[in-house]
Amino acid sequence: MIFNCKCGEEYYAEDQHIGGKIKCFTCDEIILLEKPENLEEYEKLQELKKLEKAVELEKENSFIRLHLAEAYLAVNRDAEAKKQIDYLLQMKPNPDYLPEYKESTEKAKELLKTKF
Ligand SMILES: [Zn+2]
């Protein structure tokens, strides 16, 4: 994995060094070689950002609202997840997307029951 120092210096760390830290030769900054758990967290946040943008573009898309709620739950932002679920359940369904709406609201209700 590649790690970047604040000064712009790049360091490559082998897998066995992940979890440790190194000192930057240029600026003496301590660089944490973060564990893969953080990589997972990073990916979750990337996914979340993507869905936040998607909701901006399609505010009345029940599927995106549902996935956004799930993405918030994945990073323990329950209050924001709840907002998406509440919005979804109060939405006026688009007649062209009734099956999708039905599926989304069922899953949203399930989330309410199991995650809150
Ligand atoms: Zn540095």
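The values are calculated or read from the model by the stated rules, or taken from the named source; none is laboratory data. On a predicted model such as this, the values are computed, not experimentally measured, just so you know. Heads up, the Cβs are rebuilt from the backbone with ideal geometry, glycines too, and the neighbour counts pull from every protein chain shown.
Exactly one condition in (1) modelled with pLDDT of 90 or more; (2) of a type in the set (S, T, N, Q); (3) in the same structural domain as F116 (by TED's automatic domain parsing) is false for T26; which is it?
(3)
Assess whether I2 counts as being exposed (fewer than 11 other Cβ atoms within 10 Å of the Cβ) and at pLDDT below 85.
Here the answer is yes, as I2 does meet what is asked.
Could you list, in sequence order, the residues of segment 29-48 that are of a type in the set (D, E) and either near the ligand (Cβ under 10 Å from one of its atoms) or at pLDDT 90 or above (or both)?
Of the residues in segment 29-48, the ones of a type in the set (D, E) are 29, 34, 37, 40-41, 43, 47.
E29 - this is the single residue of segment 29-48 that is of a type in the set (D, E) and either near the ligand (Cβ under 10 Å from one of its atoms) or at pLDDT 90 or above (or both).
Test L45 against the criterion of being closer than 27 Å to N94 by Cα and assigned by TED's automatic domain parsing to the domain that holds K109, and give yes or no.
no
Only one of Q46, Q84 is touching a Phe, Trp or Tyr at 6+ places or on another chain (Cβ under 8 Å) and either among the polar types (S, T, N, Q) or closer than 30 Å to Y11 by Cα (or both). Can you tell me which? It would help to see each step written out before you state the result.
Working: Q46 fails: touching a Phe, Trp or Tyr at 6+ places or on another chain (Cβ under 8 Å).
Sole residue among the options that is touching a Phe, Trp or Tyr at 6+ places or on another chain (Cβ under 8 Å) and either among the polar types (S, T, N, Q) or closer than 30 Å to Y11 by Cα (or both): Q84.
Please determine whether any residue of segment 35-44 is among the aromatic types (F, W, Y) and exposed (fewer than 14 other Cβ atoms within 10 Å of the Cβ).
For segment 35-44, residues among the aromatic types (F, W, Y) and exposed (fewer than 14 other Cβ atoms within 10 Å of the Cβ): present.
Let me confirm something: among N61, N94, N76, which residue is more than 16 Å from the ligand (Cβ to nearest atom), at positive phi and assigned by TED's automatic domain parsing to the domain that holds T114?
N76
With respect to E14, is the statement that it is away from the ligand (no atom under 16 Å from the Cβ) and in the same structural domain as P95 (by TED's automatic domain parsing) true?
Considered against the rule, which asks whether it is away from the ligand (no atom under 16 Å from the Cβ) and in the same structural domain as P95 (by TED's automatic domain parsing), E14 comes out as no.
Please state which one of Y72, Y87 is farther than 19 Å from K44 by Cα and aromatic (F, W, Y). Steps first, answer last, please.
Numbers: Y72 fails: farther than 19 Å from K44 by Cα.
Sole residue among the options that is farther than 19 Å from K44 by Cα and aromatic (F, W, Y): Y87.
Any residue at all in segment 9-22 that's within 24 Å of the chain's Cα centre (by Cα) and outside any loop (DSSP other than H, G, I, E, B)?
No - not one qualifying residue is present in segment 9-22.
Are any of the residues in segment 31-45 part of a strand (DSSP E or B) and out of contact with any His (no Cβ under 6 Å at 6 or more places or on another chain)?
yes
Would you call E52 in a helix (DSSP H, G or I) and surrounded by fewer than 16 Cβ atoms within 10 Å (Cβ to Cβ)?
Details: in a helix (DSSP H, G or I): yes; surrounded by fewer than 16 Cβ atoms within 10 Å (Cβ to Cβ): yes.
Yes.
Inspect segment 71-87 for any residue being in contact (Cβ under 8 Å) with a residue 40 or more places away in the chain and in a helix (DSSP H, G or I) and give the result as yes or no.
Yes, segment 71-87 contains a residue that is in contact (Cβ under 8 Å) with a residue 40 or more places away in the chain and in a helix (DSSP H, G or I).
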